[in-house]
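Asks: Pasting a structure here, questions to come.
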Amino acid sequence: MLKKFFTAVGEYIILLGKSLQKPQKMRVFWKLFMREINDLGVNSFGLVIFTSIFVGAVVAIQMFNNFDSSSFPIPPSFVGYATKAVLVLEFSPTIISLILAGKVGSYIASSIGTMRVSEQIDALDIMGVNSPNFLIFPKIIACVIFNPLLIAISIVFGIGGGYLAGILTGNWTENDYIVGIQMYMPNLFVFYAFLKTIVFAFIIATVPSYFGYNVKGGSLEVGRASTQAVVWTMVFIIISELILTQLILS
């Protein structure tokens, strides 16, 4: 089992080495890059916005209930600050990335896996094309560039969800919430959030690509590879978050 794991790690690193090279034709690369931006990023807008609004509302309501039941009086404005802090530090970068790992990761693994079992990748290799660079590099660049934008949108709509929750429940005033979200928060928190977003984006693009590229068999194996890709992507996201949190926030 351990030998199989280290073999897979070695294959993953070798595949990255082949992928992270200058494209053979920049015009073709930019065309593929824009397609990946649409497939991996733009198509995730709706899911990210919908999830962020409702989770932002839930976080704000939970924060209010916790503060309200506290034995010490806590100003209602701290609901806004706590909601903002939770969204920036944890929910938007990590939970949204885990959701994207399921949506985007399965798409990447299945699309590349289908090309492998239908021998399209073999045809690219025979034509002298660097197939890992051709297929994977545009996905890496698209995820690393676009995912931080998705996370920024998630933070904004999550805070908006908390604002709407206050209006609908009447538990806190609009002014209190706005004062709370305007409270000072260390720039390190924002840096930490977007740094780990970039790391997560790299993992989301590369781990499913590895599983899809190394599929052997037919359509059944492509489905299994997609499932494995999502699971291992989530595992590596959680492990990398622990490492980054220890390095940056400790």
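The values are calculated or read from the model by the stated rules, or taken from the named source; none is laboratory data. All of these numbers come straight from a predicted model, not from anything done at the bench. For neighbour counting, all protein chains shown are included, and Cβ atoms are generated from backbone atoms with ideal geometry for every residue, glycine included. Areas reflect the complete protein model, heavy atoms only, side chains present, ligands, DNA and RNA absent. Shrake-Rupley method; radii C 1.70, N 1.55, O 1.52, S 1.80 Å.
Asks: Measure off, as a whole percent, the carbon and sulfur share of the 1.4 Å-probe accessible area of segment 24-249, all protein chains present. Mind showing how you got there, number by number?
Replies: Details: 7590 of 10860 Å².
Carbon and sulfur together cover 70 percent of it.
Asks: Additional query: Averaged per residue, what accessible surface does segment 43-192 expose to a 1.4 Å probe, in Å²?
Replies: That works out to 45 Å² per residue.
Asks: Any chance you could give the angle, 0 to 90 degrees and rounded to 10, that helix 45-68 forms with the longest Cα principal axis of the chain?
Replies: 30 degrees
Asks: Can you tell me, using C-alpha contacts under 8 Å and at least 6 residues apart, the relative contact order of segment 1-157 as a whole percent? Walk me through the numbers on the way to the answer.
Replies: Working: 94 pairs, mean separation 74.8, N = 157.
Answer for segment 1-157 is 48 percent.
Asks: Still on this structure, please answer the following. For the Cα atoms of the chain, what angle does the longest principal axis make with the long axis of helix 131-169, in degrees from 0 to 90, nearest 10?
Replies: With both axes taken from Cα atoms, the answer is about 20 degrees.
Asks: Can you list the aspartates and glutamates whose alpha carbon is less than 19 Å from that of residue 22, not counting same-chain residues fewer than 8 positions off?
Replies: 36, 125
Asks: Under 17 Å Cα to Cα from residue 18, which lysines show up? Leave out anything in the same chain fewer than 8 places away.
Replies: Hits, sequence-local ones excluded: 139.
Asks: To continue, here is another question. Working from Cα positions, state the angle (0 to 90°, nearest 10) between the long axis of helix 77-86 and the longest principal axis of the chain.
Replies: 10 degrees
Asks: I would also like to ask the following. Hey, which aspartates and glutamates would be in cross-link range of residue 103, C-alpha to C-alpha under 13 Å, not counting anything within fewer than 8 residues on its own chain?
Replies: Output for residue 103: 39.
Asks: Can you pull out the chymotrypsin sites (Phe, Trp or Tyr not before Pro) in segment 153-250 whose DSSP state is coil and whose Cβ has at most 13 other Cβ atoms within 10 Å?
Replies: Sites meeting the loop and neighbour criteria: 184.
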